[in-house]
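Let me begin by presenting the structure, written as structure tokens, before commenting on it.
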Amino acid sequence: MTTGAQTPSSPARPPRSRLRTFLPLGIAAWLVLEIWLLTVVAGASSGFVVFLLLVAGIVLGSVVIKSAGRRAFRNLTETLRQQQAGVMPEARPNSEGNGLMMLGGLLLILPGLISDALGLLMLLPPVQKAVSRYAERTVERKLREAGPGTLGDAFRQARMHQPDGKVVQGEVIRDDPDDAPQGPRPPLTH
């Protein structure tokens, strides 16, 4: 029996992104490929050789992560020391790439020969520069495409650019004490 009333339609879900659709499939294929490659190498040599390769990857990855972390901490300490002394910190040519070195070390620690090969590639400076440029271009493009009210829009609004492309961080300092608001500030709206 129909009453003439229409059944409410369910709200349309937004379409899934390609990354969200294919990432689980890609991870599963990568794991199967890693296991298959380990069994091929174990069949060609021995299980002990595969075990030694995996242990060597863990040790090498740990050393890489530790050295990159120390270098990053040393650069941070030096920059903070220079800023406290009132000197503008100079740019260090080899201070970048610590994050990519750590990523390479993490890939070395993950068990598998493909991840080890990718981790060793990430330790090469030309590969680090190429990955860094690609990541920077991708982030800049995503920030430009960000619509109002999104996280990317907030990052874009929070950054001030100099004509040479450098980002300048700053704060507002009032010189005239008469301009300072008296009493508590009203809450921000919007």
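The values are calculated or read from the model by the stated rules, or taken from the named source; none is laboratory data. As the structure is a computational prediction, the values presented were derived from the model and not from experiment. All Cβ positions, even for glycine, are placed from backbone atoms using ideal geometry, and neighbour counts span all protein chains on display.
Things to note:
- Residues located in the stretch 98-135, provided they are touching a helix residue (DSSP H, G or I) at 6+ places or on another chain (Cβ under 7 Å) and outside any helix (DSSP H, G or I): P111, G112, L123
- Unique residue being at pLDDT below 90, loosely packed, with under 11 Cβ neighbours inside 10 Å and on the phi > 0 side of the Ramachandran plot when the list is G86, G147, G97: G86
- Cross-chain or 6+ apart pairs with Cβ under 6 Å, the stretch 46-72 first and closer than 10 Å to M101 by Cα, then among the β-branched types (V, I, T): G61/I109
- Of the residues making up the stretch 63-83, those that are surrounded by 14 or more Cβ atoms within 10 Å (Cβ to Cβ) and not charged (D, E, K, R) are V64, I65, S67, A68, G69, A72, N75, T79.
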